[in-house]
Amino acid sequence: MIRVEGIHKSFGEVHAVRGVSFDARDGKITGLLGPNGAGKSTTLRVLCTLLKPDRGTATIDGADVVADSLAARQKIGSLPHESGLYPRLTARENIAYYARLCGLDRDHVEDRVDEIVKTLEIGDFADRRSKGFSHGQRTKVALGRALVHDPQNLLLDEPTTGLDVMATRSLRELILKLKDEGRCVLFSSHVMQEVAALCDDICIMAAGRIAIHDSMDGIRQRTGCDDLEEAFLAALAMVEVD
Amino acid sequence: MGTFFHVFRKEVVDNFRDRRSLLTVAAMVAMFPLLMASLIGFQIDRSFNTETDLISLPVIGAEHAPNLMRYLESNQIDIVAGPVDADAAVAAVETGDLDVVLRIPGDFGEQLADMIPARVELFLDQANTAGDADVGRVRDALFGYNQTLAGIRLSARGVNPTLVRPLNIDTIDVSTPSGRAAILLGMMSYFLLFSLLMGGMYLAIDATAGERERGSIEPLLSLPVARAHLVLGKIAGCGAFMAFSLLLSLLSWFVALNFMPLEQIGMTPNFNLAVVLAAFLLLCPMLLIGASLMTLVASFTRTYKEAQTWLSFVVLAPTMPILIVSFLNLRPRLEFMFVPSLSQHLILVDMISNEPASALNIAVSAAGTLAVGAILTWACVRLYSREALLG
């Protein structure tokens, strides 16, 4: 369960996030939808304690991201925009490194890595160095790495960008599986169809604010648009009016 | 503590697989002492030749001045047939085939008999420093002959030749080849420190700027791990590579010194395996400074390239005190022991020249160096706790 209350974040002159509040519930997929520069990545970075909000609070399962950042990090797994694998380590070694850092002891590391390799179906290339991996392979390994400490909450920053149809599809299946396990999945995207296909709750963000936060049907009703693209544009217009 | 060890191990394994960087540094570190040793050996050989050895002098028209030739030969200068004429002599000196050529014109004897200053021509190339020693000896010999003839002429007229020598210049050359070798050996600690720093440079860049460039720093910092442990593990990994590089450099010096003809010049540097080990331990505190300084500086940079530029300067900084004092003849004093790198240099020079090192000096040197290293490490930890690292 992720709770965000009125967070602001500026970088010098740029006011990237201007009072964002929302809840992401367990067992649901929450989508952060918005155009580039809407403040999605900044919001996710605040949640995984990489950035401190200027104002407002955010908690992960009750742990404050500023006051109790270590406990907050314990409860989240994060898949950043760039997968950030170590090119000279194999997929297995990349995952095992994170497993060790998260405090798994020697015997459990092996088991846990095997389990993840099996779940994510990356056995084919698990023992190859990640230097030559395709984008889809990298994303999967990075997701495996994020899952290594079995976090209740998952933050995925535009995970499907640049993936081909097959890779996108298998990633979607994985995300749905994580939801069925009762986890809280928060994922950002600028692709409407994808958000519509996956998410239970949708937050449409623009210019650092939440324009609308509702279910797909709710958004259709409130904007009066049946078509998702129309609804998205209508929601963006609401922010412009403010 | 586990985190620290896992980061350390990962950085070492990861960078050990970067074979190209590893081999570049290893080759540089290992080759340098061998290169220096052959240079010094060459210098020693050359300086020995100058004083005593027979040199040969190509002469054009030697038949015009038989007495001069005899005089030169008595000064350990062997007369050989020179090029055919002056033009050939110019060409030979210009190309460096010959260092110096003497030409005696045909009217040399006549001029000498008529008491006109008799002309001799010396062909040489001022820019060719390798010929300096030979040219100097030929010049000195010609001046000597000049003086001798002048003396004879004055005596024949009943004048004491010493009247025209109001000065008696006696040049005492104190530069010995061993002095030159000593300066170069004094710079050994400079090269040791340089090797130490070079050894950790690539790892320091890879673990900081490289991590940022690859985008791997974000997921790493999102892990439930204290950031202090992450940065300490990186510093330790960097230090391990530096230690390895230092050891390689020491062993290479050990081999190189065995090949240098130092006994020839009366130098017996004390550089056995025990001293190699002692030097390694002496320089160990510098590992902390080197690793934390490089990690700190590289953490401020955004790309691999930028980090490389900055660290090239960082490599020079700690070696500066040594470079400066290696030309001054400083003796170890307690106050110098607080200065990292300078203190290790002074103690090492004493160790090599077989002088007893004071335990107090060694203790102060280690403590002072570790204190500076600890401050730099603390600065790294502080930096990693700030979000600006991601910027």
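Please treat every number below as a calculation from the coordinates, not as lab data. Since we're looking at a predicted model, the values are computed, not measured. Counting neighbours? That spans all protein chains shown, and the Cβs are built from the backbone with ideal geometry, glycine included.
Report the extension gain between B:F143 and B:Q126 in nm, rounded to one decimal, defined as 0.36 nm multiplied by the number of residues separating them, less their alpha carbon distance. Numbers along the way, then the final one.
Working: separation 17, 0.36 × 17 = 6.12 nm, distance 1.86 nm.
Residue separation times 0.36 nm, minus the Cα-Cα distance, leaves 4.3 nm.
Would you mind calculating the gained length between B:L316 and B:V90 on full extension (0.36 nm times residue separation, minus the Cα-Cα distance), in nm to one decimal? Please report the intermediate quantities before stating the final value.
Details: separation 226, 0.36 × 226 = 81.36 nm, distance 4.48 nm.
Residue separation times 0.36 nm, minus the Cα-Cα distance, leaves 76.9 nm.
B:F5 to B:F259: extension gain in nm, 0.36 nm per residue of separation minus the Cα-Cα distance?
On the way: separation 254, 0.36 × 254 = 91.44 nm, distance 4.11 nm.
The B:F5-B:F259 span can extend by a further 87.3 nm.
A Förster distance of 35 Å, applied to the separation of the beta-carbon atoms of A:A237 and A:T57, puts the FRET efficiency at 0.75. Taking every full run of DSSP H in chain B, the ones that stretch at least 30 Å from end to end by Cα along their long axis and average 0.0 or higher on the Kyte-Doolittle scale are B:19-52, B:227-259, B:273-300, B:359-384.
Taken along the Cα-to-beta-carbon direction at a fixed 7 Å, the label points for B:N75 and B:L277 span 5.6 nm. Take the alpha carbon atoms of the stretch A:150-169, find their center, do the same for the stretch B:225-299, and report the distance between the two centers in whole angstrom. Result: 46 Å between the Cα centres.
Could you sort A:39-49, A:117-127, B:285-295 so that the peptide with the highest average Cβ count within 10 Å comes first and the rest follow in order?
Numbers: A:39-49: 25.2, A:117-127: 15.5, B:285-295: 27.0.
Listed from highest to lowest mean packing, they are B:285-295, A:39-49, A:117-127.
The simple spin-label model puts a point 7 Å past each Cα toward its Cβ; for A:S134 and B:L330 those points are separated by 6.2 nm. A Förster radius of 35 Å, combined with the Cβ-Cβ distance separating A:D127 from B:M28, puts the computed FRET efficiency at roughly 0.55. Model label points for B:Q111 and B:R157, set 7 angstrom from Cα along the Cα-to-Cβ axis, are 2.0 nm apart.
If R0 is 56 Å, the Cβ-Cβ spacing of A:D114 and B:L360 corresponds to a FRET efficiency of close to 0.45.
In Å, the Kirkwood hydrodynamic radius of the stretch B:1-89 over pairs of distinct alpha carbons? Mind dumping the intermediate values first?
Values: mean 1/r = 0.0525 Å⁻¹.
It works out to 19.0 Å.
Across peptide A:83-91, the mean count of Cβ atoms from other chains lying within 10 Å of each residue's own Cβ comes to 5.
Each principal axis of the stretch A:113-157 carries a Cα extent, and these read 30, 24, 13 Å when sorted largest first. Other protein chain C-beta atoms within 10 Å of residue C-beta, averaged over B:222-233: 5. Out of the trypsin sites (Lys or Arg not before Pro) in the stretch B:185-271, which ones are loop residues according to DSSP with at most 11 other C-beta atoms within 10 Å? The qualifying sites: there are none.
Over 28 Å between Cα atoms: which of A:K52/A:K177; A:K118/A:K179; A:K179/B:K10; A:K40/A:K140; A:K177/B:K234; A:K75/B:K305 fall into that group? Listed pairs above 28 Å: A:K52/A:K177; A:K179/B:K10; A:K177/B:K234; A:K75/B:K305.
Be a star and scan the stretch A:131-148 for residues whose amide nitrogen sits under 16 Å from the point 7 Å along the Cα-to-Cβ vector of A:E181. Counting backbone N atoms under 16 Å from the label point, the list is A:140-148. Peptide B:12-18 has a mean of 3 when you count, residue by residue, the C-beta atoms of other protein chains within 10 Å of its C-beta.
How would you rank B:338-351, B:30-43, highest first, on the average number of other Cβ atoms within 10 Å across their residues?
Details: B:338-351: 23.1, B:30-43: 16.4.
The peptides rank, most packed first, as B:338-351, B:30-43.
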